[in-house]
1. Please go through segment 231-246 and give me each residue that is surrounded by fewer than 20 Cβ atoms within 10 Å (Cβ to Cβ), under 13 Å from GLN265 (Cβ atoms) and of a type in the set (Ser, Thr, Tyr), ordered by number.
2. Could you check how many residues of segment 91-113 are farther than 21 Å from LEU224 by Cβ and of a type outside the set (Gly, Ala, Ser)?
3. Kindly indicate the residue of segment 146-174 that is modelled with pLDDT of 90 or more and hydroxyl-bearing (Ser, Thr, Tyr) and also farthest from LEU224 (Cα to Cα) among those meeting that condition.
4. Mind listing whichever residues of segment 174-199 are more than 13 Å from GLU117 (Cβ to Cβ) and more than 27 Å from the chain's Cα centre (by Cα)?
5. In segment 133-161, which residues are part of a helix (DSSP H, G or I) and in contact with a helix residue (DSSP H, G or I) (Cβ under 7 Å, 6 or more places away or on another chain)?
6. Go through (1) more than 25 Å from LEU99 (Cβ to Cβ); (2) small (Gly, Ala, Ser); (3) modelled with pLDDT of 85 or more and name the single condition SER190 misses.
7. Any residue at all in segment 163-176 that is in contact (Cβ under 8 Å) with a residue 40 or more places away in the chain and in a loop (DSSP other than H, G, I, E, B)?
8. Where residues in segment 244-297 are small (Gly, Ala, Ser) and under 20 Å from the mean Cα position of the chain (by Cα), which of them is nearest to ILE71 (Cα to Cα)?
Amino acid sequence: MKKYKENTFNVIDQQQSILQPWQDPRVLSRYRTRKLKNSLFKIFPIVSLLAILYPLLDILYMFAYKGVQVISFTRLTGLTSGYVGLANEIVGTFFLIALSSAIVIPMGVSGGIYMAEFSRKSKYTEMVHFVIDILAGVPSIVLGYAGYLLLVLYLGCGFSALAGAITLSVLMLPYIIRTTELSLNRVPTSIREAATALGCTKTTMINRLTLRFALPGILTGILLAISIAFGETAALLFTTGASDYMPTGALCNSQVGYLTYAIFQFSPFQSPFASANNLAYLAAFLLIIIVLSINIIARIGLRRLSKI
């Protein structure tokens, strides 16, 4: 009887060892190893993210802290002549952005509409995509030097708002064309087919249907391109020059001030004067606020208007 019970217990133990393989020491060891590797691979992205965000947040905090400290009505309304304020730089920046936007937005949106609606999957579109991808990767200082040779010297515009605006337009053009094309391509084909079946012409379909559906994406691309243009310095140094006074409104042979020039010229590395350094911190703070506001509007505000 005892032998029978022992044999029975041995059979049960064998069955349990077969039914519960995770109790095997080798399986447990491999499980612990995989769990450790999984934990390490979870920690590694977090550490990498913190390593990237810490210097960025530190810079943003420094400019925000020092910018808030030096902000005042006098510095917002005075001229940079004598390190008084940034009024001419603020007005000049918005003047350049408005002029470049007036040049590039019709061109970029029209080009995106043509490639998405009239020339889809053609050799011409492929060639334009290739040129746009190259243009988007060209450093802004190269565009600035090309603008200096072509606009300032060859065409005789001199250092002016027009030369700077055209250079910024070339910089912004790839982003507007691509976002316009991608936004229109997201519109379902069934909408186009239904409009054609109802007798709509191509122009009517684009104006009344596809553009309305793609409008949030197009506006997002425009705002992002504008935010990129706000932060440009090198392209404007070669084409716009600099000025300590308010823009005169002349397009040629009239230099214009802008905020990024104030950061470049009045930083502690360029100027030993505390009053000039304060203007640099304030200019950086204003640019951060402007660009951050544009990105928030582009990513959150316009997303609610999306219908596709």
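The values are calculated or read from the model by the stated rules, or taken from the named source; none is laboratory data. For clarity, every value in this text was computed on a predicted model and none was experimentally measured. No Cβ is skipped: glycine too gets one built from the backbone with ideal geometry, and neighbour counts run over all protein chains shown.
1. Correct list: THR233 only.
2. So the answer is 1.
3. Per the criteria, the residue is TYR148.
4. Selection gives SER190, GLU193, ALA194, ALA197, LEU198, GLY199.
5. Within segment 133-161, LEU135, ALA136, SER140, ILE141, LEU143, GLY144, GLY147, LEU151, VAL152, ALA161 qualify.
6. (3)
7. no
8. The initial filter retains those residues of segment 244-297 that are small (Gly, Ala, Ser), namely 249-250, 254, 257, 262, 267, 271, 274-276, 280, 283-284, 293.
Those still in the list that are under 20 Å from the mean Cα position of the chain (by Cα) too: 283-284, 293.
Working: ALA283: 10, ALA284: 11, SER293: 18 Å.
For segment 244-297, the residue satisfying everything is ALA283.
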